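The values are calculated or read from the model by the stated rules, or taken from the named source; none is laboratory data. Please read all numbers here as calculations on a predicted model, not as lab measurements. Cβ coordinates were reconstructed from backbone atoms using ideal geometry, including for glycine residues, and neighbour counts include every protein chain displayed. Just so you know, the surface numbers come from the protein's heavy atoms only, side chains and all, with ligands and any DNA or RNA stripped out. Shrake-Rupley method; radii C 1.70, N 1.55, O 1.52, S 1.80 Å.
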Amino acid sequence: MQENESIIEINSVYKYFDDKIALDDVSLTIKKGEFVTILGPSGCGKTTLLRLIAGFQTVSKGEISIFGSDITHIPPYKRPVNTVFQKYALFPHLNVFDNIAFGLKLKKMPKAQIEKKVKASLKMVGMTDYEYRDVDTLSGGQQQRVAIARAIVNEPEVLLLDEPLAALDLKMRKEMQLELKTMHKSLGITFIYVTHDQEEALTLSDTIVVMSEGRIQQIGTPIDIYNEPTNSFVANFIGESNIFNGIMLDDRSVSFCGRTFDCVDEGFGQMAPVDVVIRPEDVYIFPVSEAAQLTGIVQSTLFKGVHYEMAVLSGGYEFLVQDYHSFEVGSEVGLLVKPVDIHIMKKERTCNTFEGKMIDTSKVEFLGCQFDCLPQSGVQAGDKVTVEVDFGKVILHDNAVDGTLVGEVKYILYKGDHYHLTVWSDWDEDIFVDTTDVWDDGDSVGITIPPDGIRVIK
Ligand code: ATP
């Protein structure tokens, strides 16, 4: 097999737990020798994907092949992969040597060969001379190295790493990141790494796979993903961003934050609603002058080691700005963004859309509940309808009992003058909400929708 040839093909894979979907049409090609990171927030399906590759779980639909042969139904121990888990899962009653040698002894490998292999893998993880130590006398970082040594001693073609550094402190994590990268180079095998830490993903990977809600959002190099995120989710998840609602007026012309800007994007059509993404380091800040596209007042200034991070309020919109110079809180400043630094993204949706059923002419059922709506003509009880609800029309309550239905805030996007929330309803459907109220990830909420917020479409 040549370098750059694919080693793993994941083809339209679905995974359901009962009727809950954890992976939704996931396709991915992994090349031999590549360092691929699967990145996404908690619950997005990263671990499930890794477990399907390892064979600890079976796919509901789709197929996975390694070296061109379908392994969808091959048991884990027959796959050329080994997994390193977040919890090191070492045997506490065995010393370092016996932990690493465990699998080889099961395979009845000759003693001398086992010794040679264990020593070589200990050397690889920088733990030479530790073979006779009890594992519980080792630090977290050392235990994780032993766990890696135990995986690579089997000489797998693919090493699967499930948040292997998550239990380590920041300093140790940084050290181990560098070591993992060196190890990957010298072993020359494929690493598939799962993390929710975007910085870790940017540091380590050849390729990053960004996931959200069981779906792949983007696959690319760290530079591609950072510079050209495909949607506002990726932009927000990878690094800090200013994200605003905008209207693409025409090719290369976009309106947001109350004014029109030149940009370089084309092909969105006229008057198309879009998300506008601007990285904080791409906003120029200076004393007010004619060059300013916007003026604003500095709300806060934070020193971040190399640069300053400032929040600037301009016409009701908050801009996050990074610069080597600081501007005092309260001072008036000018802001400028170059056309090339204004990233335009197609909006995934412009309102909530649900399937519903008319109960009578002013009552409609959707999301498992009955809602009053404005009196509808031309419909009758039992008619199937589509219900649209604008994001700003959904009302959230502190007390779950105050809502028609209950939900949990699971994703928050700040859009300069309001928050765009994804709320997971107890009917197992997402509801998208625009609000100026401050909510936290994981907040339990009651949800109501007033009659005038419900658009019934026959
Ligand atoms: P985390 O970083 O928190 O581990 P993740 O991105 O790895 O999250 P998964 O562990 O793959 O996410 O889970 C994806 C979804 O599938 C979640 O909603 C989770 O609750 C669900 N899930 C995972 N394993 C099971 C299971 N064995 N039974 C039922 N649901 C499961």
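Remarks
- Counted residues, the range 301-327 - those being among the hydroxyl-bearing types (Ser, Thr, Tyr) and either over 19 Å from Arg259 (Cα atoms) or without any contact (Cβ under 8 Å) to a residue 24 or more places away in the chain (or both): 4
- Residue selected from the range 282-323 under the condition open to solvent by 60 Å² or more (accessible area, probe 1.4 Å) and of a type in the set (Asp, Glu), by the criterion modelled with the highest pLDDT: Glu318
- Listing of strands (runs of 3 or more DSSP E) fully contained in the range 279-340 that carry 1 or more residues being β-branched (Val, Ile, Thr) and in contact with a helix residue (DSSP H, G or I) (Cβ under 7 Å, 6 or more places away or on another chain): 317-323, 332-337
- Looking across the range 72-91, just one residue is within 27 Å of the chain's Cα centre (by Cα), crowded, with 18+ Cβ neighbours inside 10 Å and under 13 Å from Ile8 (Cβ atoms), and that is Val81.
- Considering Leu28, Leu49, the condition of being within 12 Å of the ligand (Cβ to nearest atom), open to solvent by less than 40 Å² (accessible area, probe 1.4 Å), in the same structural domain as Gly126 (by TED's automatic domain parsing) and closer than 25 Å to Ser205 by Cα is satisfied by Leu49 alone.
- In the range 341-368, the residues that are closer than 24 Å to Asp452 by Cα and β-branched (Val, Ile, Thr): Thr350, Thr353, Ile359, Thr361, Val364
- Residue check, Gln86 of a type in the set (S, T, N, Q) and modelled with pLDDT of 85 or more: no
- Meets criteria (closer than 29 Å to Ser186 by Cβ, open to solvent by less than 10 Å² (accessible area, probe 1.4 Å) and at pLDDT below 85) for Val36: no
- Members of the range 382-414 that are open to solvent by less than 70 Å² (accessible area, probe 1.4 Å), over 30 Å from Leu320 (Cβ atoms) and in a loop (DSSP other than H, G, I, E, B): Gly382, Asp383, Gly403, Thr404
- Of residues in the range 9-21 being aliphatic (A, V, I, L, M) and at pLDDT 95 or above, the one farthest from the ligand (Cβ to nearest atom): Ile10
- Listed by first and then second residue, the pairs with beta-carbon distance under 8 Å, at least 6 apart or on different chains, first residue in the range 71-93 and closer than 13 Å to Val135 by Cβ, second of a type outside the set (Ser, Thr, Tyr) and loosely packed, with under 11 Cβ neighbours inside 10 Å, are Pro92/Asp136.
- Which numbered condition Val59 fails, given (1) in contact with a Leu (Cβ under 6 Å, 6 or more places away or on another chain); (2) assigned to a helix (DSSP H, G or I): (2)
- Flag for Lys108 being open to solvent by 70 Å² or more (accessible area, probe 1.4 Å), part of a loop (DSSP other than H, G, I, E, B) and either outside the structural domain of Pro80 (by TED's automatic domain parsing) or closer than 23 Å to Val81 by Cβ (or both): yes
- Count of the range 352-370 residues, restricted to those that are open to solvent by 10 Å² or more (accessible area, probe 1.4 Å) and free of Cβ contacts under 8 Å to residues at least 40 places away in the same chain, is 9.
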